[in-house]
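Everything on this sheet refers to the single structure shown next.
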């Protein structure tokens, strides 16, 4: 239903998800010649934490994202969504279209701290749409 409304140009539809990248390869995924023991030296990396990306994909329009070291927490998620809400407010004033963000039920998306921002975001034209639990395949960003 949302895709149809977006296709008609009545809303901006964005899909949100988080992904991460390690700064070094896990040893368990290396190769070695047959008969030789697998060996992979790892240099110590300062601040060798995971890099996480929180992306918003709008089909046919583009991709927006935020990066952090380690994983996103509620504060980082809210900071990114405040930026999206500011853009949504501008879009609402210029075109009358709201922005709908499709996302899973991650704890940072539904924390009490995050929920305290929902009303203001809605007033700015940013609507949160939560997928049913365990239905990540319905989030189109998963395949991108």
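Only the coordinates and a few stated rules stand behind these numbers; no lab work does. Note that the structure is predicted; figures quoted are calculated from it, not measured. Glycine gets a Cβ as well: all are built from the backbone with ideal geometry, and neighbour counts include every protein chain shown.
Brief remarks follow.
- Extension gain for residue 36 to residue 94 (0.36 nm times residue separation, less C-alpha to C-alpha distance): 14.4 nm.
- Footprinting exposure proxy ranking of 128, 81, 138, fewest other C-beta atoms within 10 angstrom first, gives 138, 128, 81.
- Length added when fully stretched, residue 49-residue 144, from 0.36 nm per residue minus Cα-Cα: 31.8 nm
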